[in-house]
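Engineer: Before I ask anything, let me first share the structure, which is written out below as structure tokens.
Every number in this text was worked out from the coordinates using simple rules, so none of it is lab data. What you are looking at is a predicted structure, and each value in this text was computed from that prediction instead of being measured. Note that we place each Cβ from the backbone using ideal geometry, even for glycine, and neighbour counts take in every protein chain shown.
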Amino acid sequence: MEFVLLNRLTKNLFSNLEKSGLFQQYLRHINGLRSKKTSQKLEYIKKSALDEKAKISITCAGKRDGGGAQLHACISTIVFANSMGIRYHHTPLIKVEHNYNNDPLWEAKWENYLDLTNLYSPRLNNQDYLFVDNYHSIVDKIYEAITSKNDLNIRVLYCHGYSDGNPQEFVDVLDNIRNHFFLRRNPQLVYSPFDFNIAIHMRRGDVTINRWTERYTSSQCIQALINHLRFYFRKARPRFYIFSYSDDDDLKILEDEDVRLFVDMNVFSVMDHLAYADCLVMAKSSMSYVAGMLNRGLVLYQPFWSVCLPHWFRADGFFV
């Protein structure tokens with residue numbers, strides 16, 4: 001089944017990302033991770049018997065950016081650990097950005113959102129974790145520990161170098177995280193059970209046409225997408241809900257009889273709406289990315305530096 005989602009203008013807007021220096025730098029970084037030697041060591045680690053890896057563990061800790069980025073980092077590390085057959089020990093989030101209201105429970109709320117603490121073994125308090133800051137070194141250290149039969153506890157910032165190159169490895173991990181998430185959550189949503197609810201996440205506030213431009217999506221682009229989706233899902237009573245953090249005039253022009261705009265909604269309520277939507281249009285955002293991982297419906301991905309997962313659809317071309 002094919003359906004053009006965006007017009008030529010939209011495609012041009014998305015394709016500008018490929019020309020950005022930051023994106024090219026990231027591509028070089030990812031491509032540089034896939035050396036022949038590292039690949040050989042990865043295969044050796046995967047094929048090693050579980051008892052040879054029983055005393056090797058990995059934890060994700062040390063980041064200080066937004067909650068979505070930190071949860072994404074944890075999940076990438078879980079994917080790596082699961083694929084390698086080593087233990088993941090969860091370290092709770094300690095410092096999370098964007099606490100604009102100085103909420104003393106800010107970090108605890110982010111930690112509780114996915115509740116990885118109760119889904120995975122906790123970090124061992126009586127053990128020192130060796131900090132390893134790049135993908136090659138992570139693989140090297142684990143390989144050395146197996147071949148020398150030594151204990152090893154590693155702390156990393158993330159494992160995107162592996163997970164972005166192996167998006168199919170997310171499947172088992174996300175099934176586990178999703179099931180745990182939906183069993184625990186019982187959010188109050190603005191959606192109607194009689195409509196096809198389409199959530200659109202738009203980065204604004206710190207993201208503008210002049211700042212963090214690689215994360216920016218114009219209102220014209222979103223309007224084109226809404227028009228396409230409105231037509232495509234016309235028999236399913238589509239209703240659109242735009243979630244953002246700005247009441248800019250360029251967002252207000254999107255409001256319509258079937259389009260509602262929500263600005264400055266509680267961030268965790270926004271996450272719930274993105275995760276529970278029948279269709280999610282992601283922003284170029286780690287928060288959107290985590291919500292997309294959780295969402296069980298149709299997820300439309302906008303290209304940015306994090307890889308498109310196999311069950312998502314790219315929003316710059318076709319349903320296939």
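Engineer: Give the whole-number value, in cubic angstrom per residue, of the convex hull volume spanned by the C-alpha atoms of the range 43-184. Display every interim value, and only then the final one.
Structural biologist: Details: hull volume 16.3 nm³, N = 142.
Spelled out: Cα convex hull of the range 43-184, divided by residues, is 115 Å³.
Engineer: Report Rg(Cα)/(2.2 N^0.38 Å) for the range 102-182, keeping two decimals.
Structural biologist: For the range 102-182, the normalised Cα radius of gyration comes out at 1.34.
Engineer: Going through the range 97-204, which chymotrypsin sites (Phe, Trp or Tyr not before Pro) have at most 14 other Cβ atoms within 10 Å and a DSSP loop state?
Structural biologist: Values: sites: TYR100, TRP106, TRP110, TYR113, TYR120, TYR129, PHE131, TYR135, TYR143, TYR158, TYR162, PHE170, PHE181, PHE182, TYR191, PHE194, PHE196; in loops: TYR100, TYR120, TYR129, TYR158, TYR191, PHE194.
Filter output for the range 97-204: TYR100, PHE194.
Engineer: Can you list the residues of the range 126-152 with backbone N under 14 Å from a point 7 Å past the Cα of TYR44, pointing along Cα to Cβ?
Structural biologist: Residues passing the 14 Å test: 137-150.
Engineer: Report the full-extension gain for the segment ASP65 to ARG185: residue separation times 0.36 nm, less the Cα-Cα distance, to one decimal in nm.
Structural biologist: 40.7 nm
Engineer: Taking the simple approach of a point 7 Å from Cα along Cα-to-Cβ for both ASN102 and HIS311, what is their distance in nm?
Structural biologist: Going by the 7 Å Cα→Cβ label model, 4.3 nm.
Engineer: Between PHE262 and LEU124, what is the label-point separation in nm under the 7 Å Cα-to-beta-carbon projection?
Structural biologist: With each label point 7 Å from Cα toward Cβ, the separation is 4.3 nm.
Engineer: By a straight-distance test (C-alpha under 24 Å), which lysines pair with LYS36 as possible cross-link partners, with residues fewer than eight away in the same chain excluded?
Structural biologist: Within the straight-line limit of under 24 Å, LYS36 reaches these lysines: LYS46, LYS47, LYS53, LYS141, LYS149.
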